[in-house]
1. Taking the number of other C-beta atoms within 10 Å as the exposure measure, put MET106, MET65, MET28 in order starting with the fewest.
2. Ranked by Cβ crowding within 10 angstrom, fewest neighbours first, how are ARG81, ARG30 ordered?
Amino acid sequence: MKLFNRNSQPQIIENNIQGYNRIQYLDMVRLFAIYCVLWGHSLQYVSAVDFISNDVVKFIYSFHMPLFMVLSGYFFSSVLRISFFKVSIKKIRQLILPIVSWAVLMEIIFSIYSLYNSKTIEIVSLLKNISTNVGLNFWFLKSLFFCYILAYLLVKLINIDWLACLVSLLICALNPNVFQL
C-alpha cells in the first residue's frame, strides 16, 4: 500500500468507534509524532548524560511539536462553520479539560500516597498544587487552544486569510510570551 497516492482520494476509514471518518495516512503521521514525543521524553528522563547533547533528541525535538501543530492546523477550516461559542466549548473540552483532569488525578494519587505514609493533607496546599500543575504542564495543549481561538477570531473578524495570518504572526512577534500561562 502506498502511503501517498496523488491520483486518488485519501484512504478514509469510515464509521470508526467514535463515529468519525478518519484519514488513515494522517493517523499514521500522528502515531509517528506521538511515538517521537514518548521517545524524546524517555531519553530526557532516563539519559545518564545531558539529554540536549544527544543527537537523537536534537533530531526528535527539531520537528515533533511543529508536526503536531501542522496536523492540528490542517483541520482548522472545519471549525469555521460553527459559532465561536461552540468552538470554544469544543476546544475547552478537547484541550483544557484533559490538563485539569490530569492535574486533579495526579494530586489525588499523591494525596493517597501521603495518607498512606501518615502525612496530613491540607486543602489549600492541594488546590495550590493542582493550580501549579495546570500552569506548568501540557504547554502544547494550552498553546494549541490559544492558537485555535486566536486564529478563529482573526479569520472571522478580518475575513482575509493571509491578513489574519499576518496579524497573528505580528501578535506573536510583538509578544513572544503570548501563549505562556
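1. On the way: MET106 14, MET65 18, MET28 11.
Ordered by Cβ neighbours within 10 Å, fewest first: MET28, MET106, MET65.
2. Numbers: ARG81 8, ARG30 16.
Listing ARG81, ARG30 from fewest to most nearby Cβ atoms yields ARG81, ARG30.
Rule-based calculations on the coordinates, nothing more; no lab input. This structure is a prediction, so every number in the text was calculated from the model and none was measured. Cβ coordinates were reconstructed from backbone atoms using ideal geometry, including for glycine residues, and neighbour counts include every protein chain displayed.
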